[in-house]
Every structure is written in structure tokens, then in C-alpha cells.
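Working notes, structure below.
The values are calculated or read from the model by the stated rules, or taken from the named source; none is laboratory data. Remember, predicted model here, so these are calculated numbers, not experimental data. So basically every Cβ, Gly included, is an ideal-geometry build from the backbone, and we count neighbours across all protein chains shown. Side chains included, ligands, DNA and RNA excluded: accessible areas come from the protein's heavy atoms. Shrake-Rupley method; radii C 1.70, N 1.55, O 1.52, S 1.80 Å.
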Amino acid sequence: MLRRTIFNTRLATRPLSAAESKSIRATILGSYRNIHQSARLPAITASEAHHRPTLRPHQQSVATRVNGSLPTGKRTIFIQTENTPNPDALKFIPNHRVLPEDFPTSFLEYLSPRSTLAPPHPSPLAANLFNVDGVTSVFYGPDFITVTKASDANWAHIKPEIFSLITQTVTTGEAIVNTVAKSSENAQEGGEEESLSYNEEDDEVVGMIKELLETRIRPAIQEDGGDIEFRSFENGIVMLKLRGACRTCDSSTVTLKNGIESMLMHYIEEVQGVEQVMDPEEEISMHEFAKFEEKLRQQKGAGATASTGGKGTLDTAD
């Protein structure tokens with residue numbers, strides 16, 4: 001301490017040479033520069049003092065994994081549409097299963113708003129789809145939905161609402177089909193027992209018919225947004241029921257005769273023909289439509305032609 005005091009006193013009393021002054025100045029500036037660099041920190045303003053630091057992209061996954069469980073991915077939905085032979089029916093294919101894995105049949109069809117709420121298989125999605133103006137029926141396949149509209153409705157107005165409803169149902173995880181206690185009657189078409197499944201009581205011919213329908217015919221009909229039911233085989237006639245887009249399609253008769261009937265008669269000699277089973281409501285509808293065509297023909301004269309073909313319609317007027 002005494003030596004430092006004497007040295008400082010000498011420096012204060014003795015004038016410094018130019019070389020000494022330059023050396024001392026360089027030492028002081030170097031020390032200051034080192035201190036300045038080591039203490040170089042970003043200034044924190046008052047507004048930034050209350051904000052949490054933002055994690056960089058490569059840090060976020062690590063921080064999340066340390067502080068909690070890994071984030072669950074959001075459910076994504078992609079809906080593809082396909083046209084069907086029926087211009088009033090459109091097939092919607094989401095990347096999500098429609099019917100449950102253990103569902104007893106390969107289809108479920110809703111023909112009225114009431115059927116979407118009644119047991120045994122109510123469907124909130126089908127109920128919402130019936131609220132869209134112009135929708136007349138909703139058909140569920142294993143992995144697709146077929147919506148049928150009225151002939152005077154426009155797909156340009158209906159499709160966006162259908163897309164929105166299906167997307168909302170899938171992304172929220174809501175069940176498309178529910179199963180509740182059975183009632184005396186089924187409000188929906190299908191959903192009880194698979195008509196093409198093996199039955200020990202079936203004879204050999206019926207078993208062959210079911211196998212052909214299941215392996216060769218059903219896949220093609222499902223591609224068109226529909227399905228098929230086996231009802232009976234009596235006196236060489238196979239009684240079938242078309243569903244979905246094929247149920248109201250004008251070309252259903254052609255499908256039955258040129259497609260299904262020809263194949264069954266080719267492979268099974270006992271089959272003599274194929275006919276479609278008509279529900280009471282459909283028979284009434286066909287009867288009323290035939291009466292309307294007859295009235296139209298009388299009003300416009302013998303030269304009037306029908307707008308659609310098929311059973312009960314006038315392809316040409318004599």
C-alpha cells in the first residue's frame with residue numbers, strides 16, 4: 001500500500017513522457033474495451049419487461065415435451081365427391097369410416113326426417129342433412145355417404161352445405177350413427193341383418209346367388225353410390241331390392257335386366273329372371289307418376305313423350 005502511494009505520488013509530480021503517456025492510454029482503453037464487450041447485454045424497455053420470451057421453432061417441441069405431454073394432432077378431413085348414374089344422387093367419400101366396424105349390415109338408408117331420430121339407429125348427421133332444402137334421402141355405405149335431392153333442386157346450392165355438415169361431424173369426433181334400444185319397427189332401411197350373409201337354412205342355389213351378388217355385383221353397385229338386398233328366390237325368379245342412388249335411378253331397370261339378371265342366368269341355370277321389390281311407398285309413387293304422365297299425354301296429344309324411362313313410364317307415345 002505504501003509503495004503504491006509513493007508510485008502514485010511520483011506519477012502525479014513527475015511529468016510523463018510521450019511514450020509513457022501512450023502506453024498508459026492503450027492499457028486503459030484495452031481494459032475498458034474488454035469490460036464493455038463482456039457487459040454488452042440487450043437493453044430491456046418497460047414495454048418488453050412484461051412480455052414472455054418467444055421460443056424459436058426448434059425449441060418449441062422440446063419445451064412442450066418437458067413441460068407437459070406431446071400435443072395431439074388435429075383430426076383432418078378430406079371429402080371426395082363422385083357422380084352416380086342418377087343425376088339426383090351424389091356420392092361423398094370422406095377419409096373417415098361412416099358405418100361402425102361391427103355394424104350388422106353394409107348400408108343404412110334414411111328416407112324421411114323422422115327416420116333420422118327414431119331407433120334403432122338414429123343419426124344426427126342425417127338429421128342435419130335433411131334440414132338442407134332439397135335433400136330427400138340419405139344413404140350410408142361402409143365408407144361413403146350418398147345424398148339424393150329433389151329433381152328441381154340445384155347441386156350448386158346443396159353441395160356446400162353438405163360439405164360443411166360432414167366436415168363438422170368428422171372433425172368434432174361426433175358419432176355418425178348411434179345405436180339405441182330397438183322398437184317394434186325399424187325406422188331406417190337396413191341395419192338389422194345382412195341379407196347376403198351365409199345362412200345354414202339356405203339351399204345350394206340360394207347360396208350361389210348370394211355369393212355372386214356379394215362378390216361380383218355388390219362392389220359395382222357400391223361404386224355407383226348404392227347397395228343391393230336379396231329378398232327371395234321363388235319359381236326361378238330372384239327378388240332383389242336396390243338401395244341408395246340406384247333406388248331412384250331411371251336406369252335401375254337396365255341394371256337389373258342387362259347386368260344382374262344376365263350374370264345370374266349365365267352362372268346359375270336355375271335362375272329364370274330377376275325382379276325388383278317395390279316398397280308400398282314406391283308403388284304409390286310410381287302409380288301417381290304414371291297417372292301424371294297419362295294426363296300429360298292427353299293434354300299435349302299423342303306426340304308427347306315422357307321425360308324419363310323405366311317401369312311405369314312412357315318412352316314413346318303411339
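Quick one: which residue in 240, 212, 196 is in a helix (DSSP H, G or I), among the aliphatic types (A, V, I, L, M) and either modelled with pLDDT of 90 or more or not assigned by the TED database to the domain that holds residue 142 (or both)? Give the derivation first.
On the way: 240 fails: in a helix (DSSP H, G or I); 196 fails: in a helix (DSSP H, G or I).
Within the list 240, 212, 196, the selection yields 212.
Are any residues in the range 247-270 farther than 25 Å from residue 204 by Cα and not in a helix (DSSP H, G or I), and if so, which ones?
Passing the criteria: 247, 248, 249, 250, 251.
Find all pairs meeting these conditions: Cβ atoms under 8 angstrom apart; at least six residues apart or on different chains; first residue within the range 68-86 and under 24 Å from residue 174 (Cβ atoms) and part of a strand (DSSP E or B); second residue modelled with pLDDT of 70 or more and among the aromatic types (Phe, Trp, Tyr).
Final answer for the pair search is 79/92; 79/163; 80/92; 81/92.
Kindly list the number of the only condition in (1) touching an Asp or Glu at 6+ places or on another chain (Cβ under 7 Å); (2) within 26 Å of residue 119 (Cα to Cα); (3) touching a residue at least 60 places away in the same chain (Cβ under 8 Å) that fails for residue 194.
All conditions are met except number (1).
Has the range 156-168 got any residue that is open to solvent by 20 Å² or more (accessible area, probe 1.4 Å), at pLDDT below 95 and part of a loop (DSSP other than H, G, I, E, B)?
No; the residues of the range 156-168 include none that is open to solvent by 20 Å² or more (accessible area, probe 1.4 Å), at pLDDT below 95 and part of a loop (DSSP other than H, G, I, E, B).
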